[in-house]
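Heads up, the thing below is written out as structure tokens.
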Amino acid sequence: MTKTIKCGDQPGPGRYVCKKCGKSIRLETADEKIYPCPLCQYCEYKQG
């Protein structure tokens with residue numbers, strides 16, 4: 001089971017995929033927070 005990452009979480013650098021529409025975002029630093037999907041505004045991601 002994959003861990004759900006939600007808006008406001010700080011999961012660290014990497015690529016994260018929106019669970020609703022599949023759009024991916026990338027965080028570059030450990031202190032960046034997950035933000036709403038730029039495409040559909042959903043707030044749950046999986047690491048990808």
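The values are calculated or read from the model by the stated rules, or taken from the named source; none is laboratory data. These numbers come from a predicted model, not from an experiment. Methodologically, a virtual Cβ is constructed for each residue, glycine included, from the backbone with ideal geometry; neighbour enumeration extends over all protein chains shown.
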Has region 17-24 got at least one residue that is surrounded by fewer than 12 Cβ atoms within 10 Å (Cβ to Cβ), of a type in the set (D, E, K, R), touching a Lys or Arg at 6+ places or on another chain (Cβ under 7 Å) and modelled with pLDDT of 95 or more? no
Extreme residue, surrounded by the fewest Cβ atoms within 10 Å (Cβ to Cβ), among residues of region 1-16 that are modelled with pLDDT under 95 and either out of contact with any strand residue (DSSP E or B) (no Cβ under 7 Å at 6 or more places or on another chain) or not polar (S, T, N, Q) (or both): MET1
If you go through TYR45, TYR35, the only one that is of a type in the set (Phe, Trp, Tyr), part of a loop (DSSP other than H, G, I, E, B) and modelled with pLDDT of 95 or more is TYR35
